[in-house]
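Working notes, beginning with the structure itself.
The values are calculated or read from the model by the stated rules, or taken from the named source; none is laboratory data. The structure displayed is predicted, hence computed values, not measured ones. Counting neighbours? That spans all protein chains shown, and the Cβs are built from the backbone with ideal geometry, glycine included.
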Amino acid sequence: MPPKQKLLKHSHSVSAEPGNDGQSSAERGGDHESGSCRVVAEPGGNDGQSGGSCRVVLQPFMRDESSRRRYRFTALPAAASLYDKSALSDVRLRLMPTDRLFHAHRVILSASSDVFAAMLTGSWSESTQSELVLHEELDCARVFDRFLYFIYSGNVVISDDYVVPLFLLAGKYDVQSLYNECAKLIERALKVYVCADKEMLHASMSSSSSACDSSLSESTDMSDMSDVDDPSQAVKWMSSKRRRRRQYRAVDDAVSSAASTSRSMVASETFPVALVLRLLERCHGNERVRRAALLNLEARVGNQICVGNFTAIWLELGLDVIVAMLTDSRFGYPEMRLFEAAVAWLDAQPERAQLTAAVLRCIRYVLLSNAELYEVECKSLVRACDEVAALVHDAMRHRLFHEHCSAEDRARWTGAQFAARSIPRV
């Protein structure tokens with residue numbers, strides 16, 4: 001029953017009760033308190049009788065102690081109302097190449113960015129000018145209004161479509177809070193998935209199973225065993241059956257072993273390759289973003305390299321990116337394939353011949369098999385470059401004498417050239 005109804009019901013019972021002197025409260029014309037209500041007697045009633053009626057006056061509730069709990073309330077700062085407003089503006093920002101003009105305030109820009117502070121209050125020539133001309137790339141210029149509004153308000157809506165330009169602007173002007181938030185979103189968009197080569201394993205399993213099935217079809221039918229006149233034929237059939245069972249077990253073991261060791265990388269394609277390359281070149285010293293972008297690029301070209309498909313992506317990469325990929329231990333594809341890819345990149349343009357040593361010294365020749373090492377050593381490209389020929393010769397000596405080497409050789413046979421490659425488990 002609601003509280004008000006309970007109080008009204010209680011008031012009727014009180015009016016009929018006698019007081020301490022044998023009179024009812026209504027007859028005494030006084031009041032009577034009960035619980036959280038006060039019953040007041042009125043001299044006259046609506047029925048015209050001399051007897052009074054009762055009126056219930058509710059007392060205030062007790063103060064709610066839960067109101068003492070603290071909570072956080074956040075509102076836009078007052079500076080947000082000044083965004084791109086000419087009122088109190090003391091500097092204008094002209095954005096090129098869009099030629100858009102923003103009204104700004106020196107104190108707000110300086111408080112949010114050390115770069116703006118140096119430009120507006122330091123010894124730069126811009127500190128005395130009423131208009132700053134900012135030259136940005138086109139995609140950065142298109143989101144500059146979002147970047148400037150964040151400086152004034154601390155609020156921004158970030159999308160995968162323009163998170164990279166925001167990241168570059170925040171890095172250029174040293175706005176750390178926006179820079180760190182964009183970096184986290186970029187790392188998530190560059191995610192690389194590592195999976196087993198199930199298609200390859202399925203093909204090998206199917207071919208092995210079909211081979212065993214064909215051999216079984218040529219053998220004696222088991223339902224016809226009772227009709228075999230020569231017992232030796234039955235024993236021979238049983239022996240071949242056991243051999244095939246062992247073959248099945250060997251195939252299963254090989255597939256299981258390959259499943260645990262054969263892996264490939266599948267890259268998220270949220271960003272186009274050109275944008276990933278741009279992040280590699282201009283990540284402003286953010287090692288986490290650089291490594292994420294490099295691994296994303298390796299996953300995109302690595303599987304193609306393994307099948308000898310050197311697409312335009314690989315052949316058009318710059319020297320710095322090629323070296324970064326070939327020296328990365330996470331680029332865990334067969335070393336001979338990486339060597340062939342490096343040679344294909346050098347042969348793609350004649351002027352790259354002078355870069356032979358810079359590229360081929362990134363190959364880890366000690367990871368090649370003996371046959372592959374011999375094939376590499378016979379190439380004229382390798383023999384013509386003394387530095388690369390020395391690396392191949394050192395790999396041969398390591399292969400032969402690593403168990404009986406001197407301390408000097410043991411010290412030389414360490415480092416990235418002798419470290420194994422491995423696709424990361426991410």
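Every listed requirement among (1) among the acidic types (Asp, Glu); (2) surrounded by 20 or more Cβ atoms within 10 Å (Cβ to Cβ); (3) free of Cβ contacts under 8 Å to residues at least 12 places away in the same chain is met by Glu335 save one, (3). Among the residues in region 95-106, are any in a helix (DSSP H, G or I) and under 22 Å from Pro77 (Cβ atoms)? For region 95-106, residues in a helix (DSSP H, G or I) and under 22 Å from Pro77 (Cβ atoms): present. Please determine, by comparing only the residues of region 327-346 that are of a type in the set (Phe, Trp, Tyr) and in a loop (DSSP other than H, G, I, E, B), which one is farthest from Val307 (Cα to Cα). Checking each candidate, the answer is Phe331. Close contacts from region 112-126, counting a first residue that is outside any helix (DSSP H, G or I) and a second that is not hydrophobic (A, V, I, L, M, F, W, C), with Cβ to Cβ under 9 Å and a gap of 6+ residues or different chains, come to Ser113/Tyr173; Ser113/Asp174.
Scanning region 376-389 for residues that are loosely packed, with under 11 Cβ neighbours inside 10 Å and under 18 Å from Met336 (Cβ atoms) gives Cys378, Ser380. Of the residues Arg352, Arg364, the single one that is buried (at least 17 other Cβ atoms within 10 Å of the Cβ) and among the basic types (Lys, Arg) is Arg364. Residues of region 100-132 that are within 35 Å of the chain's Cα centre (by Cα) and within 28 Å of Leu275 (Cα to Cα): Arg100, Phe102, Ser112, Ser113, Asp114, Val115, Phe116.
Going by the conditions given, is Met62 surrounded by fewer than 15 Cβ atoms within 10 Å (Cβ to Cβ) and at pLDDT below 75? Here the answer is yes, as Met62 does meet what is asked. For region 370-409, the set of residues classified as part of a loop (DSSP other than H, G, I, E, B) and either touching a residue at least 40 places away in the same chain (Cβ under 8 Å) or farther than 22 Å from Met325 by Cβ (or both) consists of Cys378, Ala384, His402, Glu403, His404, Cys405, Ser406, listed by residue number.
Scanning region 390-408 for residues being closer than 16 Å to Phe339 by Cβ and surrounded by 15 or more Cβ atoms within 10 Å (Cβ to Cβ) gives a total of 5. Selection of region 248-286 for residues being modelled with pLDDT of 70 or more and assigned to a helix (DSSP H, G or I) yields Val273, Ala274, Leu275, Val276, Leu277, Arg278, Leu279, Leu280, Glu281. Taking region 136-154, which residues are assigned to a helix (DSSP H, G or I) and out of contact with any helix residue (DSSP H, G or I) (no Cβ under 6 Å at 6 or more places or on another chain)? The answer is Leu138, Ala141, Arg142, Phe144, Asp145, Arg146, Leu148, Tyr149.
In this structure, does Val323 turn out to be among the β-branched types (Val, Ile, Thr), in a helix (DSSP H, G or I) and not assigned by TED's automatic domain parsing to the domain that holds Ala420?
yes
Within region 167-187, residues that are over 16 Å from Phe144 (Cβ atoms) sit with their Cβ atoms under 8 Å from residues that are of a type in the set (Phe, Trp, Tyr), at 6+ positions apart or across chains, in these pairs: Ala183/Phe167; Ile186/Phe167.
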